[in-house]
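Since every read-out is calculated from the coordinates, none of them should be taken as a lab result. Please read these numbers as outputs of a predicted model, since none were measured by experiment. Quick reminder, even Gly has a Cβ in these numbers, built from the backbone with ideal geometry, and neighbours come from all protein chains shown.
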Amino acid sequence: MNIDQKLAQLKSRFEELTVALGDPDIYGNQKKFAEYSKEHSDLREVVDLYNKLQRVRTDIRGNTEIIKTEKDADLIEMAREEMDGLQDEAQKLEDEIKFKLVPRDPEDKRNAIVEIRAGTGGDEAGIFAGDLFNMYRRYADTQGWQLEILSLNEAAKGGFKEIVFSLQGAEIFGKMKYESGVHRVQRVPETESQGRVHTSAATVAVLPEAEEVDVVINPADLEYDTFRASGAGGQHVNKTDSAIRIRHIPSGVVVECQEERSQIKNRAKALTMLRTRLFDMEYEKKAKERAAARKSQVSTGDRSAKIRTYNYPQGRITDHRIGLTLYNLDDAMKGNISEVIDGLKLADNLERLSALAES
């Protein structure tokens, strides 16, 4: 089924619902009335756009006929001038409609927990992990999101061996999920005396934050351990066993939190992290299945894949999934990564749209 056939089908359904909602008998069945009303409302926007597109296409056909058959040069010129605007409007409407048809990932609206870990490259990998954290912190600021550090392990020469933080706000996972994977940096480390370019890496995992209702955890399946926090937090946390480590026995998943002075608060955050990890295991499995079915290049299911390279000598950032190369590395590291994320979201939507057209 092509897109036009799908739209015609949706328009027919919309008209059926319009008639049904005008039937007095439907008011006697409040459940059915609510279902029909919601479906009618959901379809209205795309049907309105489709109707507008049909009118524009009718005007295009009319102008095409004038250009082919009319003898008056002035009328032909007017038709040609009008045609450019009509074709642009038609293309804009088609693009808008296509994205209205793409089924949304129901998890896109969730908050997210982000884990950044230093990979290959020694001290430089830890420094790069810190750079990535700062990039996301600044991006979060531009989006009006709230960032909270859950756990960190600082690296000896700066940056982090590992840092875990939560992001809270609107539609976070829908944007951040494309950041999962291996990020590679090419630059001359500060410790390099010969001026040679080194390649280092860090991994990023973005998890949709789970709520209590999403994952039911049996308290008997948990092992708790307390220890003294280190690093950020000051002297107080270093003197008390406020840090919490939780092991989920059935899955083997281990989480820890040491950022709060209170053991109770660390315990609550650690449980949120654990629920999110368990929820994400199922989400990642489904993401891999969907990506395999679509032969997706923008998969969020394979977190071992190299997804992006940050080349400092050339000021270049390249996302390998969609072949996007930008020469604004300095801006990107300051948190201006919307162009990259928007490009990935567009590519993902196009893949979803293609799958929809083939279904």
Test of understanding: ordering 94, 35 by Cβ neighbours within 10 Å, fewest first, what list do you get? 35, 94
Rounded to the nearest 0.05, FRET efficiency between residue 171 and residue 192 (Cβ-Cβ, R0 51 Å) equals 0.80
Given N residues in the chain, what is Rg(Cα) / (2.2 N^0.38 Å)? 1.29
Exposure proxy ranking, count of Cβ atoms within 10 Å, fewest first, for 262, 338, 304: 304, 262, 338
Return a whole-number percent for the relative contact order of the chain, with Cα pairs under 8 Å and 6 or more residues apart as the contact set. 15 percent
Write out the trypsin sites (Lys or Arg not before Pro) in the stretch 112-221 meeting two conditions: DSSP loop, and at most 15 other Cβ atoms within 10 Å of their Cβ. 157, 196
Can you give the calculated 222 nm mean residue ellipticity of the chain, where each DSSP H run of n ≥ 4 adds -39,500 (n - 2.57) and the sum is split over every residue, rounded to the nearest 500 deg cm²/dmol? -17000 deg cm²/dmol
For residue 67 and residue 51, calculate 0.36 nm times their separation in residues minus their Cα-Cα distance, and state this gained length in nm to one decimal. 3.3 nm
May I ask you to sort 99, 279 by Cβ crowding, counting other Cβ atoms within 10 Å and putting the fewest first? 99, 279
Scalar couplings 3J(HN,Hα) for the stretch 10-27 by Karplus 6.51 cos²θ - 1.76 cosθ + 1.60 (θ = phi - 60°), nearest whole Hz, x for Gly and Pro, are 5, 5, 4, 5, 4, 5, 4, 5, 4, 5, 4, 5, x, 7, x, 5, 5, 5
Taking 0.36 nm per residue of sequence separation and subtracting the Cα-Cα distance, how much length would be gained by fully extending the chain between residue 42 and residue 286, in nm to one decimal? 85.2 nm
